[in-house]
Every structure is written in structure tokens, then in C-alpha cells.
1. Trp98's amide H: which non-local residues (gap 5+, or another chain) put their own amide H closer than 5 Å, with H modeled 1.01 Å from N in plane and none for Pro or chain starts?
2. If we sort 74-82, 60-68, 86-94 on the protection proxy, mean other Cβ atoms within 10 Å, highest first, what's the order?
Amino acid sequence: MDPPPPPPPSGPRTHIKKKRERRAMADGRADEKRALAAVAQHLGVTLERATPMKRCAPDGVVVGDPSALVEVKCPYSLMQYRGSLEKYYSQSCTRLLWKGTLNTLRNKWARLYYRQCQLYLQQRDARVVYFGVWTPFAGCVVVPVYPDTSWRLDQSATSSAMDMDIKSSCEEKRGDSQDGKSDGTTTHDGTGR
């Protein structure tokens with residue numbers, strides 16, 4: 001019988017990084033309900049929970065308009081930020097948002113979130129995704145993301161894009177990792193991310 005394989009290399013830096021990621025995800029899940037309420041107030045609408053579809057679901061749907069979706073992010077790095085988010089995002093052209101839209105040219109996270117929003121639009125045949133960023137002290141900023149006619153993916157590319165870029169987001173919403181497959185349930189009850 002072969003001896004068991006050695007444990008993966010770990011050290012103090014690896015442990016700290018994993019601990020911070022877990023805390024960031026937990027904070028995002030805990031704050032999502034307040035973030036959705038702030039986005040709803042900002043838009044002047046009422047939101048309801050989105051039903052899961054093809055592994056992922058947006059954070060909310062506008063009541064009375066199922067073609068308007070909502071996706072919120074609660075960045076851990078800005079949890080203590082007390083200034084204006086609009087001002088924060090207008091100070092540098094490399095930030096997540098720039099001039100009222102996702103900064104897909106200069107920010108890798110913006111590209112991933114843009115892809116996530118386009119997948120939601122494609123999956124649900126929606127007309128808009130309101131992408132909101134919320135923090136406890138600075139409030140929220142919301143930008144609309146519309147269907148991009150030049151952004152096309154066939155079904156196999158859609159699956160691989162979701163597997164590569166959005167898999168972790170889906171797992172966070174479900175609260176577990178079942179090899180990337182969903183059983184149709186979700187923990188997205190306002191406490192999910």
C-alpha cells in the first residue's frame with residue numbers, strides 16, 4: 001500500500017490569504033440584503049429574489065419588470081470607506097467603474113463582472129442588469145449594463161465561461177461546492193452573496 005500523499009504546501013501567507021477570502025465572502029453574504037435594499041431605494045423600485053437558472057442567478061429582479069435584473073457587489077476592500085463612491089470611482093481610470101459604466105478596458109474585475117452581467121442578460125433574455133456597488137458607510141453606486149450585440153457566445157463557450165470566471169460566484173451563492181453543479185437550490189435569501 002502506498003503512503004498517503006504529502007499535504008499541499010502551506011505557510012503563514014497562504015493561511016492569511018485564505019482566511020481573508022473567507023472573511024470577505026462572509027461579509028459580502030451578510031451585507032447583501034442591505035445592499036439590495038439600498039440599490040432598490042436608489043432605483044426607486046421594489047426587488048424580489050431571482051430564481052436560479054443554469055447554475056447562477058442574479059441577486060434580484062425588479063418587481064413588475066422581469067427583464068430588469070440586479071447584481072450587487074459589496075467590496076471588502078471598501079467596507080470602511082466613508083467618502084462618495086462616485087468620487088472614488090472617478091479619481092482613477094483603472095478602477096472598477098469609470099464614467100458611469102464598467103471599466104472593461106482597464107480593470108480585470110470589471111471584465112469579469114461585465115461577462116457575468118452579459119450571461120445573465122443572455123440566459124434570461126433581459127433588457128438590463130443594474131450593477132450596484134455598495135458599502136456600509138459610503139452607500140451605493142449603480143450603473144446599467146445593457147445587452148451587447150457584439151458580445152456573442154455559443155452554448156459551449158457560455159458553459160466554459162461560466163465554469164472559468166463565475167464558478168466561484170455561483171458556489172458562494174449556493175454556499176457549497178458540488179463540483180460546479182447546482183441541484184436547483186440556492187442559499188440566496190438575502191444572506192447569500
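Just so it is clear, none of the values below were taken in a lab; they were calculated from the coordinates. All figures in this text were calculated on a predicted structure; none of them were measured in a lab. No Cβ is skipped: glycine too gets one built from the backbone with ideal geometry, and neighbour counts run over all protein chains shown.
1. Excluding prolines and chain starts, which carry no amide H, the hits are Asn103.
2. Top to bottom by mean Cβ count within 10 Å: 60-68, 74-82, 86-94.
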